[in-house]
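**Q** Please read through the structure below; I'll follow up with questions.
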Amino acid sequence: MEIGELKKLFDDMTIEEKAGQLFQTVGAMYDDEVVISGPMQEMGITEKDIQLAGTVLGTMGAEKIKRIQKKYMEAHPHHIPLVFMLDIINGYKTVYPIPLAQGATFQPDLVKECAAMAAKEGAADGLHITFSPMVDLVRDARWGRVMESTGEDVYLNGLYARAMVEGYQGADISGGEKLGACVKHFAGYGGAEAGRDYNTVEVSERTFRDFYLPAYKEAVEAGSALVMTSFNTINGIPASVNKWLMRDILREEMGFDGVLISDFGAIGECVNHGAAEDRADATKKALEAGVDIDMMSGTYPENIPALLKDKSISVELIEECAWRIMKLKNDLGLFENPYKGADEIKAKACILSEAHRELAQKTAENSFVLLKNKDNILPLDKKKKIAMIGPYIDRRYMLGGWSFTGNPEDVITIKNAAEEKLADYEIVYAQGCPILSEDVKLEGFANYTEEKFSQEDCEKMKEEALRAAKEADVVVLAIGEHFLQSGEATSKGIIEIPKIQQELFEALSEVNSEIAVVLFNGRPLDIRILEERAKAILEVWMPGTMGGAAIVEVLRGAVSPAGKLPMSFRYCVSQVPVHYDEFPTGRRHHPGKDKDRYVSKYLDMPNKPLYSFGYGLTYTQFEISDLELSKTVMKPGESVTVSVKVKNTGDREGTETLQLYIHDIAGSVVRPVKQLKGFERVILNAGEEKEVCFTVDEKMLRFLRADNTFGSEPGKFEVFIGNSSEVEECKVFELLKG
Ligand code: BGC
């Protein structure tokens, strides 16, 4: 509706109705049989609160949502529609790879297409908002939520943040096939101390602004309809009551004027943090910080009436929040059509459609990272006898920890795909071991059960696998983390492949040295043992509905792997946090080059990760040469062209991702040893060569200077172009003073 009309409607609402908009509830509360009891009653939540609530979390299904909407609106004094929100993280019913895997594609456009596909399915099923993208920068693989991020790089995360927002929202969120995005978790959540979820974040304001904030900023600039607060403290104050963060940075500096929602229960938790005396105090502080919606702590409806009554908060404060929520409803087009895209017929047609499954498969194929391929053991040779072994060979649970909307029944397993696509190969299959041993406990998923195996079953399974491995020329071993071992509240101190699977690998490697590991995980693991003993390692993350089909295409060589790591695979857990864009020290270590004892290094392990950011092989080889600059001096306003030659020196077509890194040699504050500033994917036939150029301009050289302004500084810069962050060869140019 016209904004004037919306204003009129708003003015007509009582303060009680306006405050109601700030309360988020769950769909079940509108089912006829629901009674207000237990904690809800203790919190003082009444039927009236539920009737006046503004938004709903966690309900899906076109028919159900339409039913709830109708019933709710009929009873509401001003017939104001609800907004339905859900976590649609890596797909809805068609599940594509987890965000960390999407990061490995180095293809923001593909990621955007995936987000648009998720929006189409979710919107047809009645939803309006997704709690995505999560753009938190991650450097610590102990934190289970690294799987929800696109990785450790500030530039790459920004591109994906924008791509996802644009994909979900399109040009206009009122469209029936679009969802409003909610960028999360504002801010710095990925910096949880010691990698322990929900823990304090201690980061300097400089690092916070220079590394953590830019991706949220991209998402906000792309028009994200909502922002979600994070659970952590930042600068000593929990984000959900942090006025500096929400008012000064988010609203003032970034210009965000959309809806700010708390994370689940986060406002109430400010009492536990010790940042509020009680829930009333937490409510007051969150409102003062401008948090519009209280997700699930119930503290807004519980405390707002009394806070208003004793004038601890003003009517204007409530109106400010309620107005933003009403504007969101208007932007979503809900006043014109409260049922919006919800359409059972459309949902049936688009959910898991051929086109969606194809896109999910293509994205999975593009997200795999070939970490090792000694003697070109991959792709599989048709003439060889193959044993496909491991708990992931015929497993459907490869959707990732957030994909409760997806159905494992829809998943294509490796075995399903191999039986079809590798029908003319000689293959035997064996599970080898359960995914986890009995003593490993998984938390929080009451309805999820794993098949149980007796000791005897396990022994039999292993024997069968050993027999198969002995008789085979090549073993494809599909192993990795359980899908519930990464995601929220899954921090781990030991980030290895489950022990029972490591034992299987060790036993197999005793009888057959030709092992190609297909590795499943939601976080970079410590895989030294695989690096030592496996011939090939194909990282496939949690690949989604079409995971098995994508894996088989890559194993047989119909598709060549081309992904690049978006997050370093640490050598071992004691290295964390480890990231390629580290700062130089006064005593830099140059392995193999310096003899000095007093340099910044470990005695017992390398400084470098096992596999660095940007790394990834393919089935052919590339040679990168002739790095050239168009000039060595650049005046402000000018640009420098950097070029290299890249040649496919192997015997088959392949894709290489050339990465442009820059190092500001000296600044008013020290700058990272390297920072990604651009990349280009190049597809070349065997023997083909191409020149690839990047344009470097002054904007790319900006950072948060010592005087706290963003800008570049005159001086010298090293430029690198390579196929990973390990690239060493560089050229230098100088930026002159303006
Ligand atoms: C998570 C959020 C999520 C929310 C709603 C919280 O526990 O931290 O990322 O969006 O739940 O499901």
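**Q** Counting only residues that are within 16 Å of the ligand (Cβ to nearest atom) and within 21 Å of Arg67 (Cα to Cα), which one in the range 120-162 is nearest to the chain's Cα centre (by Cα)?
**A** Restricting to residues being within 16 Å of the ligand (Cβ to nearest atom) and within 21 Å of Arg67 (Cα to Cα), the top hit is Thr130.
**Q** Quick one: which residue in Lys362, Lys372 is surrounded by 19 or more Cβ atoms within 10 Å (Cβ to Cβ), in a helix (DSSP H, G or I) and basic (Lys, Arg)?
**A** Being surrounded by 19 or more Cβ atoms within 10 Å (Cβ to Cβ), in a helix (DSSP H, G or I) and basic (Lys, Arg) holds for just one of Lys362, Lys372, which is Lys362.
**Q** Counting only residues that are more than 19 Å from Gln502 (Cβ to Cβ), out of contact with any strand residue (DSSP E or B) (no Cβ under 8 Å at 6 or more places or on another chain) and among the β-branched types (Val, Ile, Thr), how many does the range 439-481 have?
**A** 1
**Q** Just to verify a result, which residue in the range 227-249, among those that are surrounded by fewer than 24 Cβ atoms within 10 Å (Cβ to Cβ) and either basic (Lys, Arg) or within 20 Å of the chain's Cα centre (by Cα) (or both), is nearest to Gly274 (Cα to Cα)?
**A** Phe231
**Q** So which residues in the range 41-66 are crowded, with 16+ Cβ neighbours inside 10 Å and out of contact with any strand residue (DSSP E or B) (no Cβ under 9 Å at 6 or more places or on another chain)?
**A** Met43, Gln51, Gly61, Ala62, Lys64, Lys66
**Q** Also, I was wondering about something else. Counting only residues that are of a type in the set (A, V, I, L, M), assigned to a loop (DSSP other than H, G, I, E, B) and away from the ligand (no atom under 16 Å from the Cβ), how many does the range 54-94 have?
**A** Of the residues in that region, 2 qualify.
**Q** Pairs, please: C-beta under 6 Å, at least 6 apart or cross-chain, first residue touching a residue at least 12 places away in the same chain (Cβ under 8 Å) and of a type in the set (Val, Ile, Thr) and in the range 80-94, second within 13 Å of the ligand (Cβ to nearest atom) and part of a loop (DSSP other than H, G, I, E, B)?
**A** Taking only residues 6 or more apart or on different chains, the pairs are Ile89/Ser132; Ile89/Trp402.
**Q** If Glu510 satisfies all but one of (1) in contact (Cβ under 8 Å) with a residue 24 or more places away in the chain; (2) not in a loop (DSSP other than H, G, I, E, B), what's the number of the condition it fails?
**A** Of the numbered conditions (1) in contact (Cβ under 8 Å) with a residue 24 or more places away in the chain; (2) not in a loop (DSSP other than H, G, I, E, B), the odd one out for Glu510 is (1).
**Q** Right, next: Quick check on my filter: what residues within the range 172-184 are surrounded by fewer than 23 Cβ atoms within 10 Å (Cβ to Cβ) and within 14 Å of the ligand (Cβ to nearest atom)?
**A** Result: no residue meets the conditions.
**Q** Taking interchain pairs and intrachain pairs at least six residues apart, which have beta carbon atoms under 7 angstrom, with the first residue in the range 484-504 and over 13 Å from Val146 (Cα atoms) and within 16 Å of the ligand (Cβ to nearest atom) and the second basic (Lys, Arg) and not in a loop (DSSP other than H, G, I, E, B)?
**A** Listed by first residue and then by second, the contacts come to nothing, as the list is empty.
**Q** What residue, among those in the range 457-506 that are of a type in the set (Gly, Ala, Ser) and in contact with a Leu (Cβ under 6 Å, 6 or more places away or on another chain), is farthest from Ile389 (Cα to Cα)?
**A** Gly480
**Q** Only one of (1) touching a Pro at 6+ places or on another chain (Cβ under 9 Å); (2) within 16 Å of the ligand (Cβ to nearest atom); (3) part of a loop (DSSP other than H, G, I, E, B) is not met by Ala276, so which one is it?
**A** Condition not satisfied by Ala276: (2).
**Q** Picking from Ala187, Ala282, Ala215, Ala192, which residue would you name as being surrounded by 24 or more Cβ atoms within 10 Å (Cβ to Cβ), closer than 23 Å to Trp323 by Cβ and either at pLDDT 95 or above or of a type in the set (A, V, I, L, M) (or both)?
**A** Step by step, each of Ala187, Ala282, Ala215, Ala192 is checked, and only Ala282 is surrounded by 24 or more Cβ atoms within 10 Å (Cβ to Cβ), closer than 23 Å to Trp323 by Cβ and either at pLDDT 95 or above or of a type in the set (A, V, I, L, M) (or both).
**Q** Any residue in the range 247-262 that is within 13 Å of the ligand (Cβ to nearest atom) and within 30 Å of Glu336 (Cα to Cα)?
**A** Looking for residues that are within 13 Å of the ligand (Cβ to nearest atom) and within 30 Å of Glu336 (Cα to Cα), one finds at least one in the range 247-262, hence yes.
**Q** Given the residues Leu100, Leu110, which is the only one that is within 16 Å of the ligand (Cβ to nearest atom), in a helix (DSSP H, G or I) and closer than 30 Å to Leu525 by Cβ?
**A** Sole residue among the options that is within 16 Å of the ligand (Cβ to nearest atom), in a helix (DSSP H, G or I) and closer than 30 Å to Leu525 by Cβ: Leu100.
One line per residue, one yes/no per condition, for (1) out of contact with any Phe, Trp or Tyr (no Cβ under 6 Å at 6 or more places or on another chain); (2) part of a loop (DSSP other than H, G, I, E, B):
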{"position": "Leu565", "(1), (2)": "no, yes"}
{"position": "Tyr598", "(1), (2)": "yes, yes"}
{"position": "Lys608", "(1), (2)": "yes, yes"}
{"position": "Thr620", "(1), (2)": "yes, yes"}
{"position": "Asp626", "(1), (2)": "yes, no"}
{"position": "Pro636", "(1), (2)": "yes, yes"}
{"position": "Leu660", "(1), (2)": "no, no"}
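**Q** Let me ask something else about it. Those residues that are within 16 Å of the ligand (Cβ to nearest atom) and farther than 21 Å from Glu316 by Cβ, I need them from the range 279-306; list them, please.
**A** Met295, Met296, Ser297, Gly298
**Q** Ok, one more. Residues that are surrounded by fewer than 24 Cβ atoms within 10 Å (Cβ to Cβ) and either farther than 30 Å from Pro609 by Cα or touching a strand residue (DSSP E or B) at 6+ places or on another chain (Cβ under 6 Å) (or both): does the range 88-97 have at least one?
**A** Taking every residue of the range 88-97 in turn, at least one turns out to be surrounded by fewer than 24 Cβ atoms within 10 Å (Cβ to Cβ) and either farther than 30 Å from Pro609 by Cα or touching a strand residue (DSSP E or B) at 6+ places or on another chain (Cβ under 6 Å) (or both).
The values are calculated or read from the model by the stated rules, or taken from the named source; none is laboratory data. Note that the structure is a prediction, hence the values are computed from the model and not measured. Virtual Cβ from ideal backbone geometry, glycine too; neighbours counted across all protein chains shown.
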